[in-house]
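The values are calculated or read from the model by the stated rules, or taken from the named source; none is laboratory data. This is a predicted model, so every value here is computed, not measured. We place every Cβ from the backbone using ideal geometry, glycine too, and count neighbours over all the protein chains shown. The protein model used for the area step is the full one, side chains on, heavy atoms only, and it has no ligands, DNA or RNA in it. Shrake-Rupley method; radii C 1.70, N 1.55, O 1.52, S 1.80 Å.
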Amino acid sequence: MSDAERPAQRLAGPALTFDLAAELAQLRAEDRWAGGRSARTLVKERDFRVVLIALHEGARLEQHHAPGPIAIQALAGRLRLQLAGGPVELPAGHLLTLERAVPHDVEALEESAFLLTIGWPDPGAAAPPPSEGRPMRQQSTREGAAVDLAALARTSTVQGAVWAYDGDDLNANLILLAAGEEMAEHVNSEVEILLVGIAGARVVTVDGRRRPLGAGQVLVIPKGARRAIAGGDARFAYLTCHRRRAALWPANLPRPDARPAR
């Protein structure tokens, strides 16, 4: 079935029901399924999205972060997500939730399908205060507030994304790896990335070349380069900075830039 033949569908309403097996069968019958993946938005509200995504074995959504909290429910097959704390496998019937701005990618270890649910943020709402023991998110520093990244790295009780800035033009994330944790090799094909060592030291491998990165040192990762971070005997914290890139969204779907009227 071509896109032009796809029947129109309501994306918002007081109550919507879906036959996911039928929706998935329709996705796999479309022309673009031959390209390795297919997706369809099921629900599109002002502050809420539900997207059904199907992937061929080996297909991958490169590292992104979502503008709001998300849930990934594996419906078929097996997925692997690469998070700051390491890979997480998600077989059919399992659910993973992520807070907003947590970097991750998605790989299908076999032919797979999953339901992506996104809590779309209201641009007029204030950012919620950080919870004790959980990653702090900072949406804006326009008032000139300074953040002590070294102190955050030293006192955080969680690993992964400890702090994030999600601005109009810039994204930054403070990532904390526990002793022994490593970052598996992955590729970011969208932007150059600046890594800044905050606490501890590790070896970063970029396109096969080993580069030391310690506190107070910086390393530029070219767009499209393969990179990995080796494990170490102590905790390691580093800041990633790059031009703002779009949140996780299937490449074969138009992005919902325009919000529906209420």
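Among the residues of the range 223-241 satisfying the criterion of being part of a loop (DSSP other than H, G, I, E, B) and touching an Asp or Glu at 6+ places or on another chain (Cβ under 6 Å), which is most open to solvent (accessible area, probe 1.4 Å)? Step through it out loud before you land on a result.
Going residue by residue through the range 223-241, those that are part of a loop (DSSP other than H, G, I, E, B) are 223-225, 230-235.
Adding the requirement that they be touching an Asp or Glu at 6+ places or on another chain (Cβ under 6 Å) leaves 223, 225, 230-231.
Working: 223: 122, 225: 4, 230: 38, 231: 39 Å².
Once the filter is applied, the top-ranked residue is 223.
Cβ-Cβ under 7 Å, sequence separation 6+ or interchain: first residue in the range 15-29 and within 9 Å of residue 113 (Cβ to Cβ) and open to solvent by less than 60 Å² (accessible area, probe 1.4 Å), partner part of a helix (DSSP H, G or I) and not acidic (Asp, Glu). Which pairs?
Qualifying pairs under 7 Å: 27/33.
Among the candidates 185, 192, 181, 110, single out the residue that is under 20 Å from residue 244 (Cβ atoms), among the acidic types (Asp, Glu) and at pLDDT 80 or above. Spell out how you get there, then give the answer.
Values: 185 fails: under 20 Å from residue 244 (Cβ atoms); 181 fails: under 20 Å from residue 244 (Cβ atoms); 110 fails: under 20 Å from residue 244 (Cβ atoms).
Checking each option against the conditions leaves just 192.
Can you name the condition, by its number, that residue 196 falls short on among (1) in a strand (DSSP E or B); (2) more than 27 Å from residue 67 (Cβ to Cβ)?
Single failed check for residue 196: (2).
Look at residue 238 and say whether it is modelled with pLDDT of 90 or more and aromatic (Phe, Trp, Tyr).
Details: modelled with pLDDT of 90 or more: yes; aromatic (Phe, Trp, Tyr): yes.
Against the criterion (modelled with pLDDT of 90 or more and aromatic (Phe, Trp, Tyr)), residue 238 qualifies.
For the range 163-185, enumerate the residues that are in a strand (DSSP E or B), open to solvent by less than 40 Å² (accessible area, probe 1.4 Å) and of a type in the set (A, V, I, L, M).
Matches in the range 163-185: 164, 172, 174, 175, 176, 177, 183, 184.
Provide a single number: the residues in the range 43-90 that are touching a residue at least 60 places away in the same chain (Cβ under 8 Å) and either of a type in the set (Lys, Arg) or closer than 23 Å to residue 32 by Cα (or both).
Within the range 43-90, the first condition is being touching a residue at least 60 places away in the same chain (Cβ under 8 Å), and the residues that meet it are 44-53, 61-67, 70, 82-87.
Narrowing the set further to residues that are either of a type in the set (Lys, Arg) or closer than 23 Å to residue 32 by Cα (or both) leaves 44, 46, 49-53, 61-64.
Qualifying residue count for the region: 11.
Name every residue in the range 102-119 that is within 18 Å of residue 47 (Cβ to Cβ) and open to solvent by 10 Å² or more (accessible area, probe 1.4 Å), in order of residue number. Can you show your working first?
The initial filter retains those residues of the range 102-119 that are within 18 Å of residue 47 (Cβ to Cβ), namely 115-119.
Within the range 102-119, 115, 117, 119 qualify.
Within the range 199-218, is even one residue out of contact with any Gly (no Cβ under 6 Å at 6 or more places or on another chain), surrounded by 12 or more Cβ atoms within 10 Å (Cβ to Cβ) and either aromatic (Phe, Trp, Tyr) or at pLDDT below 90 (or both)?
No, there is no match, as no residue in the range 199-218 is out of contact with any Gly (no Cβ under 6 Å at 6 or more places or on another chain), surrounded by 12 or more Cβ atoms within 10 Å (Cβ to Cβ) and either aromatic (Phe, Trp, Tyr) or at pLDDT below 90 (or both).
Which members of the range 45-66 meet the condition of being touching a Pro at 6+ places or on another chain (Cβ under 8 Å) and either surrounded by fewer than 19 Cβ atoms within 10 Å (Cβ to Cβ) or at pLDDT 90 or above (or both)? Full working, then the answer.
Applying the first criterion (touching a Pro at 6+ places or on another chain (Cβ under 8 Å)) to the range 45-66 yields 45-47, 49, 51, 53, 61, 63-65.
Of everything in the range 45-66, those that are touching a Pro at 6+ places or on another chain (Cβ under 8 Å) and either surrounded by fewer than 19 Cβ atoms within 10 Å (Cβ to Cβ) or at pLDDT 90 or above (or both) turn out to be 45, 46, 47, 51, 53, 64.
Just to verify a result, which residue in the range 14-44, among those that are under 22 Å from the mean Cα position of the chain (by Cα) and of a type in the set (D, E, K, R), is farthest from residue 61 (Cα to Cα)?
Checked the range 14-44; the qualifying residue farthest from residue 61 (Cα to Cα) is 44.
Filter the range 49-69 for residues that are more than 20 Å from residue 174 (Cβ to Cβ) and assigned to a strand (DSSP E or B) and give the result.
Just the residues of the range 49-69 that are more than 20 Å from residue 174 (Cβ to Cβ), to begin with: 49-62.
Within the range 49-69, 49, 50, 51, 52, 53, 54, 55, 60, 61, 62 meet the criteria.
With the structure loaded, tell me whether residue 97 is open to solvent by less than 40 Å² (accessible area, probe 1.4 Å), hydroxyl-bearing (Ser, Thr, Tyr) and in a strand (DSSP E or B) or whether it fails that test.
Numbers: open to solvent by less than 40 Å² (accessible area, probe 1.4 Å): no; hydroxyl-bearing (Ser, Thr, Tyr): yes; in a strand (DSSP E or B): yes.
It is false that residue 97 is open to solvent by less than 40 Å² (accessible area, probe 1.4 Å), hydroxyl-bearing (Ser, Thr, Tyr) and in a strand (DSSP E or B).
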